[in-house]
Structure formats: C-alpha cells, structure tokens
Amino acid sequence: MNDGTFALSRSAPTRPNCYSDADGRARIGLIAPILLALVAFAVYWRSAAILDGRSTTAMFGADSPHYEYLRRSLVNDRAARFHPLTIVLGLGWMKLLVPLTAWMTPAVLLNGLFAAIGAIGVWASTITCASLLPRRVALLGGMLYAASLGIWYFSAIEESKIVTATLSVLYIAAYVRLRDRWTIAGAVGLSIILAMACLNEIVSAGLVAIPVVDALARRGYEARRESWIVAHAMVVPAVWFFLEVFVNGRLIPESAVAEGQSHFNMLLYYLAKNDYGLASIYSFVLNWIFFNIAAPTPTAPLWAQFGGYFVPEFMNYFRSLPTIGVVASLAVIVVASVLPGYRARNLGMAGTLLLALTAYALVRAAFFFFFNPAEPMLFSPAVTLVHWLVLLVPFAASRFPAKGTVLAVLAICLVATNAGLILGRDVWAIAAWR
C-alpha cells in the first residue's frame, strides 16, 4: 500500500519527505545530531551560571523561584499542582546525583537537568529536520532551533517550559516516524509522550491536532483507519482526571488562593483580568513569533506592564547588525518560498504535515492569547520547531540558488543576537551601532 495512507501492516512506508532520495535519518547519520545536542548542553549549562550570577533567571514572567526549591529537594505546591512532571524529574535528578554535591553546588546540578532536557529537544529537532530536509539544511535547522531565544533561555533556567517544549518536539519527531510507517508500538509510544506532556502542562492536549488535521487533510475521516487517533486522544481526559482528582488536593494540599485551586479556576482568573485590545494583539504576535526566535535589542528594556519583557516594537530589530541580519535572512526565506519564480511546485506529503503542524501552533497560540496574552514568551517555546519547519521546508524545496548561504548567515546572526542577551552586553559592544 503506497497511497498516502497509514500503513496498517508491513507495507511500504509513506514518505512525508518532498525529496525522493535516501532516507533523511540515514543521510544525516547518528553522530551529527548527538554532537549538536552535546554542544547545546554545554552552552545551556554554562549560560545557566551566567544568568544566575546576574540574577536574570526570572525574565519573561518565568517562575524559576518556584523550581529553586528543588535545589534543596523541596517542592513548591503551585508548581507541583500544575507541572508535576517537572517536579518529579527534578526530585529524581537531585536524588540520583547526591554524590556529586561534593564537587558541585545543588544549583549547578539542577541547572544541568534543564540544560540536558533542552539538549534532548535539540537532538529530536535535528532528527525531525532530517526527515523533511536535505542534510545540510537539517543540521542548520537543528542549530537554528537550539539558538532560538525561547529554547536557549528556558534551557538555562529552572522552569517547566523547556520540559513542555522538548516533549512537544519529541511528539512531533515520533509522529513523523509513525506517519512514515504506522505500528502499534509507535502509536503507543506517541500516546506515552502525549501523557507525559499533559502531565507537565495540560494544554499540551493541543498536540492531538497534529494527527487529526493530518489525517483529515490527506484522505478525510475514515473510521476504521482513524480509530487509533480517538484512542490516542483519550489520554488527555485521563491525565486531566488524574491531575484534578489525585494530584490536586490529595498528593498536593489544596491551595488557599482561589486562582490556584484548579486548572479551571486559573483559567477564569486570567480571563477576567486580560486585555484583548490591538496593542495586546500586536505585543502577543511579536513575542510569540519573533521575540521567541531572536532578541530584538542589545539590552532587555522593560515594558511598563511586565518586568523582563522586551518593549513590543518590531523596529528595535534595526538597532544592530546581527538583528538586521536575522530579519533580512528571514525575509529572503519567505520571499523565495512564495515567489513564483523560486517556490517549489509541490511539497508532496510534507505539505499536509506542515498544515497539521500549523494547526497545532494556531491552537496553542489561540488558547494562550485568551488565557494570558501578556506573557506569551512563557508558552511559545513549545511551537518553536513548528515555526522553523514552516519556514525551512518550503525554502529548502525552492529553486533559490543560494539557500545554504542564506541559512548560514541566519544561523550566525541568530547566535550573535541571542548571545548578546544571555551572555551579556560585552557581545553587543562589538555588534551594536552606537
């Protein structure tokens, strides 16, 4: 069977790739993604020490103080109520590495956990890119994901958000593999990842949009073939029931604050105080799409409403050479992907996959705009890979003559841009116009 449907037996796999040569994972090899992940781990772990030393671990509304309890193997009730997976991972990590406290402080050890989780996301994103892109573009795609501000920053602090982001990437990687060749074991593995993602953040339920929209876009609803998706989606209410009935009020004491007593109470609390005006929409889009990828300014100017957020002005990207390079490179990628003279005639099976990934990104963006439009940087890392794939897949398939050069310039400028924020002003002193 090779008609673009899931293989329900040992039939020929259906390729999501718009390229017809050898398998992407085979072409990129096993070593390159691992090496890239190890480099990312080292950078994230070192960045953690720098940010901690500058007391800048609570930017973008991050709840890092809630997770610093884990340094002493203690638990913050609010974090445990809404992000229990992160708490369990943190407690297990600190217990496992107790012997190393003779050489490292608990803070450094705990930072290593979040750096490692971020590095796993880099590995999985590179593997995913290799399934959809040529080798050089796939490696650059992994680098771009690793250097994105939301991924870099949240991998360098103690926060649940990088756990959510990495689980989202693992889900996408597993789905791409399952899409290539459907197996019961693969479907069960995908459901386990979904359960873990929902245990860490119940809104990860939006990941279900990927298989649903992909199936509908390729062949419409077929009850026999799509029954596994129905069973897969049932993971979400099961996890929600576990969180509300067993975790909240039993494993974790009931909160004295009404807003923190349940997921529903928290939703009502934020809906009642949110602003949905044009300024709020503009700021949300800037943070969700652009600031999550690249810092816009040499320093981190404070927005009056929320400390630690960038001033919501797109024109700030034109203050320095690296940020100009990022914007210019992205503009070339978009133009080359849509201009009739360059754009790909057909993305093949990758086209429907991009549609499904976009649906997931839109579902997540819509929810968090209504839930908490003032703090989008907290929640946008989980769609960082999707944004890169939407850009890179059409560009890689285009007939633009200098794709490698454009992507290399973008990667260099992105690293320089975000290093300026995370590593300090000394980097910007060289690049900024003064």
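Can you work out the Karplus-derived ³J(HN,Hα) for every residue in the stretch 185-201? Use 6.51 cos²θ - 1.76 cosθ + 1.60 with θ = phi - 60°, whole Hz, and x for glycine or proline.
Taking θ as phi minus 60°, the curve returns 4, x, 5, 5, x, 4, 5, 5, 4, 4, 4, 5, 5, 6, 5, 7, 7 Hz for the stretch 185-201.
Please state, to two decimals, what the Cα-based radius of gyration of the stretch 119-237 comes to when divided by 2.2 N^0.38 Å (N = residues).
1.11
Ordered by packing density, taken as the mean number of other Cβ atoms within 10 Å over each peptide's residues, highest first, how do 196-209, 317-330, 95-108 rank?
Averaged packing, sorted descending, gives the order 196-209, 317-330, 95-108.
Specify the residue with the greatest mean-square fluctuation among GLU159, GLU313, GLU375, computed from a Gaussian network of the chain linking alpha-carbon atoms under 10 Å apart.
Between GLU159, GLU313, GLU375, it is GLU313 that shows the largest mean-square fluctuation.
Pairwise over distinct Cα atoms, reciprocal of the mean inverse distance: report the Kirkwood radius of the stretch 86-142 in Å, one decimal place.
Kirkwood radius, the stretch 86-142: 13.0 Å.
With +1 assigned to the C-beta of every Lys and Arg and -1 to the C-beta of every Asp and Glu, and no other charges, what is the dipole magnitude of the stretch 315-434 about the Cα centre in debye, to the nearest 20?
With Lys and Arg at +1 and Asp and Glu at -1, about 300 debye.
State to the nearest 20 debye the size of the charge dipole of the stretch 106-230 about its Cα centre, where the only charges are +1 on K and R beta carbons and -1 on D and E beta carbons.
540 debye
Using 0.36 nm per residue of separation minus the Cα-Cα distance, give me the extension gain between LEU278 and ILE412 in nm, one decimal.
44.9 nm
From Cα pairs below 8 angstrom and at least 6 apart in sequence, can you work out the relative contact order of the chain, rounded to a whole percent?
That works out to 23 percent.
Calculate the tail of P(r) for the stretch 48-133: the fraction of all Cα-Cα distances greater than 17 Å, expressed in %.
Pairs farther apart than 17 Å: 55 percent.
Using helices alone, what [θ] at 222 nm do you get for the chain, with -39,500 (n - 2.57) per DSSP H run of 4 or more residues, divided over all residues and rounded to the nearest 500?
Roughly -19500 deg cm²/dmol at 222 nm, from the helical runs in the chain.
Spelling out what I want: for every residue of the stretch 81-95, take phi, set θ = phi - 60°, compute 6.51 cos²θ - 1.76 cosθ + 1.60 (Karplus), and round to whole Hz; glycine and proline get x.
After applying 6.51 cos²θ - 1.76 cosθ + 1.60, I find 5, 9, 9, x, 5, 4, 5, 4, 4, x, 5, x, 4, 5, 5 Hz.
Rounded to whole Hz and in sequence order, give me ³J(HN,Hα) for the stretch 37-53 from the Karplus expression 6.51 cos²θ - 1.76 cosθ + 1.60, θ = phi - 60°, writing x for Gly and Pro.
5, 5, 4, 4, 4, 4, 5, 4, 5, 5, 4, 4, 5, 5, 5, 5, x
In what sequence, highest mean first, do 84-93, 283-292, 49-58 appear when ranked by Cβ atoms within 10 angstrom?
283-292, 84-93, 49-58
With a 10 Å radius around each residue's Cβ, average the other Cβ atoms per peptide and rank 401-408, 150-157, highest first.
The most tightly packed comes first, giving 150-157, 401-408.
Every read-out reported here was derived from the displayed coordinates using simple, explicitly stated rules and does not represent laboratory data. None of the values given here were measured: they were computed from a predicted structure. Neighbour counts run over all protein chains shown; Cβ positions are idealised from the backbone, glycine included.
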